[in-house]
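Structure record follows, encoded as structure tokens.
Any read-out appearing in this document is the output of simple, stated calculations on the displayed coordinates, not a laboratory observation. Since this is a predicted model, take the numbers as computed values, not measurements. Positions of Cβ are backbone-derived with ideal geometry, glycine not excepted, and every protein chain shown enters the neighbour counts.
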Amino acid sequence: MEKIYARTKGLRPDVVSGFCPGCMHSTVIKLIGEVLEEMNQMDNAVAVLGIGCCGLHMEYMSYDNVTAPHGRACAVATGIKRANSKSLVYTYQGDGDFASIGLGESVSAANRGENITVIFINNGIYGMTGGQMAPTTLLGMKASTAPKGRIAEEHGYPMHMCEILNQLTAPYYLERTSCNTPQNVLKTRKAIKKAFQNQLDGKGFSMVEIVTSCPTNWGLDTMKSLDYLNEKMLTEYPLGVIRDNG
Amino acid sequence: MPKVEIRSESCKSCGYCVKFCPKQVLAIGDKVNSKGYEYAAAVKPEACIGCKMCGVVCPDAAIEVYK
Ligand SMILES: Cc1ncc(C[n+]2csc(CCOP(=O)(O)OP(=O)(O)O)c2C)c(N)n1
Ligand code: SF4
Ligand code: SF4
Ligand code: SF4
């Protein structure tokens, strides 16, 4: 009998991830491991982790990683990549990290066409710190800092990072995916692989934005959070390739 | 015959594999692992077609599939 689906070597064999049940951070970390293994890049990869739940897998992953100060992952990745141009350098950031405190660093790295890959997890909320509003929080969605839900007049509108970066000349590849179904998990896997390959080919800045759930801070069980993701998040954040210069 | 193996210690009882298995092979069982999660189990193993969907969708890499 042949093993046709195996746990990736990108994850330590006996460690359980620190993420909550059903958290799709965990799905994406698994996919990154699978892709690095398939591309034979595990020894060449450097992960730059953001601050937040996105950093909850340092002991779970089995390859090199460094944690950047909150929001500065793209700047740290820029330094690593410029010093070691052969390394495969990617950032792994949440929406608070990438699109709020780190907005300047993120947009600037994209605008320079920095030859790095960004894996951006959009779960519409600050996960680790207890559900504060993120730039990506939906209108009407409750957050600990917006107990009545996000109101446009007071808090502005959800920010679409792929579309914002698509206004810049330099980025090479921008795609938005999700992990809400097995089919979309496989599409996300393909997008991550493509984004990594672009970097190895010297094409410049690639980002995969992955729309996920945060059952814990959404206050929903895993099945209801899947429904919310399908009905609400994916309506605001439609999936697809936003730019592909390849 | 295809078969799934569930690493019970990695399972967090999210239920995604149960929802997306096209053949209703899987269910959340009543046994708990050391973290207190009722882990998934194959309740109709003979119906498995080896499509891997459970493995693909599992966030915690708790499922391996053989064919
Ligand atoms: C300079 C600084 N400011 C604030 C914090 C507190 N803090 C830690 S994680 C976080 C937000 C993380 O949210 P997000 O990036 O959406 O990641 P998630 O937890 O959802 O993965 C904040 C504000 C910090 N660690 N450092
Ligand atoms: S708090 Fe949310 S983002 Fe953080 S691990 Fe739990 S479900 Fe995932
Ligand atoms: S391999 Fe397919 S049929 Fe078998 S348990 Fe998994 S999802 Fe179900
Ligand atoms: S998808 Fe994975 S973690 Fe979730 S219930 Fe199934 S085996 Fe357990």
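Structural remarks
- Computed Kirkwood radius, in angstrom, where 1/r is averaged over Cα pairs of region A:172-246: 13.2 Å
- Fully extended contour minus Cα-Cα distance, from A:Q167 to A:E231, at 0.36 nm per residue: 20.3 nm
- Whole-number D in µm² s⁻¹ for region B:3-66, Kirkwood Cα-pair radius fed into Stokes-Einstein, 20 °C, 1.002 mPa s: 189 µm²/s
- If you wrap the Cα atoms of region A:45-157 in a convex hull and average its projected area over all directions, you get 7.1 nm².
- Cα-based equivalent ellipsoid of region A:170-215: semi-axis lengths in Å, sorted from largest, via gyration tensor: 22, 11, 7
- Sum of side-chain charges, A:M128 neighbourhood, beta-carbon under 15 Å (Lys, Arg +1; Asp, Glu -1): -2
- Exceeding the 32 Å Cα-Cα cut-off - candidates A:K203/B:K23; A:K3/A:K194; A:K187/B:K31; A:K148/B:K35: A:K203/B:K23; A:K187/B:K31; A:K148/B:K35
- Isotropically averaged projected area of chain A, using the convex hull of Cα atoms (one quarter of hull area), nm²: 13.0 nm²
- In chain A, the sites counted are GluC sites (Glu not before Pro) in DSSP loop states with at most 12 other Cβ atoms within 10 Å, and the longest stretch holding none of them, exclusive of the sites, is A:60-246.
- As a proxy for reagent exposure, A:R7, A:R243 were ordered by neighbouring Cβ count within 10 angstrom, fewest first; the result is A:R243, A:R7.
- Exposure proxy ranking, count of Cβ atoms within 10 Å, fewest first, for A:L31, A:L103: A:L103, A:L31
- Neighbourhood net charge (12 Å Cβ-Cβ; Lys/Arg +1, Asp/Glu -1) for B:C51: +3
- Nearby aspartates and glutamates by direct alpha-carbon distance to B:K67 (threshold 17 angstrom, same-chain neighbours under 8 apart not counted): A:E2, B:E5, B:E46
- R0 of 51 Å, Cβ-Cβ distance A:D244-A:M1: FRET efficiency to nearest 0.05: 0.85
- Modelled spin labels at A:K224 and A:D64, positioned 7 Å past Cα toward Cβ, are 4.5 nm from each other.
- Most positive-pole-ward Cα, A:V35, A:Q93, A:M223, against dipole of the protein assembly as shown from beta carbon charges: A:V35
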